[in-house]
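Each remark here refers to the structure printed beneath this line.
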Amino acid sequence: MIDKELLSILACPETKKPVHLAPPELLEQLNGRIRRGEVSNRGGQKVESAIDGGLVRADGAFVYPIDDGIPIMLIDAAIPLTEADTGTSAQETARAKRPHAEAEGTQDAASAQATDP
């Protein structure tokens, strides 16, 4: 189990957004896919061993495995989650990502204007 204080400071190494413990139902779904040989991590390696814990990225797109109580917070070790794992539809996932993308676009436009002479 991950210490609550450690969990409060951990973040996705890619997005810097918070992570939370994967619920047992998600781990059960994911481990079923692992047993069937359906899971590869972002680095392209097939995940062959069931995971006993994981940290889910805030947008629900990836889970970082916990190996022997140690969170593996490497981008290539992240395991993509599917609709079946999360119970989230593609529309809900897209809706959850949209405000963040729009905010980034607005910030990029404002930065570009600030740097124009």
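The values are calculated or read from the model by the stated rules, or taken from the named source; none is laboratory data. If you're wondering where the values come from, they're calculated on a predicted model, not measured in any experiment. For neighbour counting, all protein chains shown are included, and Cβ atoms are generated from backbone atoms with ideal geometry for every residue, glycine included.
Residues that are exposed (fewer than 13 other Cβ atoms within 10 Å of the Cβ) and at pLDDT 95 or above: which helices (runs of 4 or more DSSP H) entirely in the stretch 16-117 hold 1 or more of them?
Output list reads 24-35.
Residues checked against (1) in contact with a Gly (Cβ under 8 Å, 6 or more places away or on another chain); (2) β-branched (Val, Ile, Thr):
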residue	(1), (2)
22	yes, no
27	yes, no
34	no, yes
47	no, yes
58	no, no
63	yes, yes
67	no, no
Quiz item: Does residue 19 satisfy being in contact (Cβ under 8 Å) with a residue 24 or more places away in the chain and farther than 12 Å from residue 66 by Cβ?
Solution: no
